[in-house]
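Everything below concerns the one structure shown next.
The values are calculated or read from the model by the stated rules, or taken from the named source; none is laboratory data. Bear in mind the structure is a predicted one, so any value in this text is a computation, not a measurement. Methodologically, a virtual Cβ is constructed for each residue, glycine included, from the backbone with ideal geometry; neighbour enumeration extends over all protein chains shown.
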Amino acid sequence: MVEKTAKHKKNGNRGTKRRKGYSSKRTVIGVFYILAVILAAAVLLHHNPLADQTTEMMKKVMACLLISFTCVIFGIFYDRLTVLPKELYQSRRLIWKLAKNDFKKRYAGSYLGMVWAFVQPVVTVVMYWIVFDRVFNTRSQLVAGGIEVPYVLYLTAGLVPWFYFSESLSNGTTALLEYNYLVKKVVFKISILPIIKIIAATFIHVFFVCVLLVISVAYGYYPSIYTLQIFYYSFCEFMLVLAISYVTCAVVVFFRDLQQIISIALQIGMWATPILWDISVLTDQMKPFFKLNPMVYIVNGYRSAIYEQEWFFEHFYSSTYFWIFTVTLFCVGSLIFKRLKVHFADVL
């Protein structure tokens with residue numbers, strides 16, 4: 001009789017937990033859909049009288065399609081999509097500890113140690129500045145496009161976020177391969193490995209943001225309230241790289257050639273992003289296609305924060321597109337990672 005009572009209580013507790021979980025699930029999905037409807041309405045109602053009407057309509061259609069696609073994915077795969085954020089939050093202290101260790105061990109054994117992490121990007125900036133400003137006089141093209149800032153500041157503001165994107169994506173892609181001994185441990189949450197590599201790359205990024213601020217001050221562009229947007233754009237880039245890394249790190253386990261493909265794509269992407277050149281030189285028909293690259297939003301955002309003194313919400317369509325794209329990619333990446341995760345230990 002006592003055993004039956006105990007079993008009845010256990011079943012009752014399980015039923016209560018299931019009802020609470022189901023209620024919480026409906027609440028979260030409902031809130032997500034309401035926010036999506038509000039965002040879609042804001043996109044449709046927003047109007048810029050100075051913009052080309054055809055381009056503006058194309059942006060609205062693409063935004064609504066991405067919002068609809070994200071809502072469908074979130075509603076169908078809610079249980080799978082929420083597993084990854086929960087694991088990252090629960091392991092936040094371990095993530096921070098492993099990220100610091102990863103950054104330290106990367107240059108362990110060399111005489112200069114972590115100095116090498118900063119030397120190569122600095123040399124690259126100086127080299128580009130000499131070639132494009134002193135030799136080819138790219139500065140004159142910026143002036144023709146209405147940009148009056150020194151070329152070294154323009155160049156550095158574009159290279160700093162790109163270095164962060166390139167390094168964090170490369171390291172995040174190979175996270176599972178590098179930590180394959182942890183992947184084989186049953187109790188270890190391997191979903192934290194990509195974010196560990198990205199946080200380790202963030203340490204170097206913080207240093208170069210400081211270098212960028214020093215260069216801007218040296219040329220008379222002092223920090224203002226607009227400069228605080230660097231935190232926002234850094235977070236944007238962090239989330240973008242994290243979303244991409246969950247796709248690439250899962251696929252590269254089965255398709256190792258992806259590492260070389262990403263290296264080539266990063267080389268092409270650097271020239272497809274207005275880092276060394278100004279996007280204003282493009283025709284009005286070409287600009288929308290280049291702006292589909294989410295890194296254009298990041299690079300332009302860094303420049304807005306440093307010397308253009310523009311808020312991110314002034315670029316409504318660009319901000320909306322970036323976050324819809326990133327959230328959608330994160331949802332897809334979470335599903336791919338979870339689907340392939342059970343086979344990682346067998347392959348590695």
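Details
- Sole residue being exposed (fewer than 12 other Cβ atoms within 10 Å of the Cβ) and either farther than 22 Å from F322 by Cα or not assigned by TED's automatic domain parsing to the domain that holds V61 (or both), chosen from T248, T283: T283
- When Y321 is tested against the conditions (1) surrounded by fewer than 19 Cβ atoms within 10 Å (Cβ to Cβ); (2) under 22 Å from the mean Cα position of the chain (by Cα), the lone failure is (1).
- Among the conditions (1) touching a residue at least 60 places away in the same chain (Cβ under 8 Å); (2) under 20 Å from D102 (Cα atoms); (3) of a type outside the set (D, E, K, R), V206 misses just one, which is (1).
- In region 243-263, the residues that are within 18 Å of P294 (Cα to Cα) and hydrophobic (A, V, I, L, M, F, W, C): A243, I244, V247, I262
- The set of residues from region 270-285 being touching a helix residue (DSSP H, G or I) at 6+ places or on another chain (Cβ under 8 Å) and in contact (Cβ under 8 Å) with a residue 24 or more places away in the chain comprises M270, T273, P274, I275, L276, W277, D278, V281, D284.
- Enumeration of residues in region 187-201 that are free of Cβ contacts under 8 Å to residues at least 40 places away in the same chain and surrounded by fewer than 19 Cβ atoms within 10 Å (Cβ to Cβ): V187, F188
- Residues satisfying the stated conditions in region 274-316, i.e. at pLDDT below 80 and either in contact with a Gly (Cβ under 6 Å, 6 or more places away or on another chain) or not in a loop (DSSP other than H, G, I, E, B) (or both): D278, I279, S280, V281, K287, P288, E308, F312, F313, E314, F316
- Residue check for S318: farther than 16 Å from P161 by Cα and among the hydroxyl-bearing types (S, T, Y): yes
- Residue check for S319: of a type in the set (G, A, S), closer than 30 Å to S191 by Cα and at pLDDT below 85: yes
- Residue among E178, E237 that is out of contact with any Phe, Trp or Tyr (no Cβ under 7 Å at 6 or more places or on another chain), modelled with pLDDT of 85 or more, in the same structural domain as R303 (by TED's automatic domain parsing) and of a type in the set (D, E): E178
- Filter result for the condition that a residue is modelled with pLDDT under 80, among the hydroxyl-bearing types (S, T, Y) and under 23 Å from the mean Cα position of the chain (by Cα), over Y107, Y78: Y78
- Selection count, region 220-264, where residues are of a type in the set (F, W, Y) and free of Cβ contacts under 8 Å to residues at least 40 places away in the same chain: 4
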